[in-house]
Amino acid sequence: MLNEFITLEILATFAGLVMTVSVIVQFTKSIVKKKFDDSAVRLYAFIISLILTFIFARSGQGLQGIVLTIINAVLITIASTGTYEMIVDPKAEKSK
């Protein structure tokens, strides 16, 4: 359990970024859903992940660093949206 608020050290970790993106997206999701459909929330989560990853957990230098940071942001997005779906509706069945 966390004994303190979010710190720079926490934000520089994968788990810290996943937690932060999840909290930000869940807190502001209703604003996005008022203007866009549900699929826009995933893009919104990616944008939040990308911004936070570039600020707090940028990897490498030059073009390789940019690409690696984008890949990390994708992983953080997938983890944060998957965490939400697993907690809220773990037995959900997708309809085709």
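Here are a few things to note about the model shown:
- Within segment 44-66, if we keep just the residues that are assigned to a loop (DSSP other than H, G, I, E, B) and in contact with a helix residue (DSSP H, G or I) (Cβ under 7 Å, 6 or more places away or on another chain), the residue that is surrounded by the fewest Cβ atoms within 10 Å (Cβ to Cβ) turns out to be GLY60.
- Cβ-Cβ distances below 8 Å connect the following pairs, each with a first residue in segment 32-55 that is free of Cβ contacts under 8 Å to residues at least 60 places away in the same chain, a second residue that is of a type in the set (Lys, Arg), and a separation of six or more residues or different chains: ALA40/LYS33; VAL41/LYS29; VAL41/LYS33; TYR44/LYS29.
- Scanning segment 8-18 for residues that are assigned to a helix (DSSP H, G or I), surrounded by fewer than 19 Cβ atoms within 10 Å (Cβ to Cβ) and hydrophobic (A, V, I, L, M, F, W, C) turns up LEU8, ILE10, LEU11, PHE14, ALA15.
- Scanning segment 31-65 for residues that are at pLDDT below 90 and either hydroxyl-bearing (Ser, Thr, Tyr) or under 22 Å from ILE10 (Cβ atoms) (or both) yields SER39, ALA57, ARG58, SER59, GLY60.
- Tally of residues being at pLDDT below 90 and hydroxyl-bearing (Ser, Thr, Tyr) across segment 7-29: 1
- Check on THR69, closer than 22 Å to PHE5 by Cα and in a helix (DSSP H, G or I): no
- Residue match in segment 27-39 (condition: of a type in the set (Gly, Ala, Ser) and surrounded by 12 or more Cβ atoms within 10 Å (Cβ to Cβ)): no
The values are calculated or read from the model by the stated rules, or taken from the named source; none is laboratory data. Predicted model only: the values in this text are computed from it and were never measured. Backbone-built Cβ (ideal geometry, glycine too); neighbour counts: all protein chains shown.
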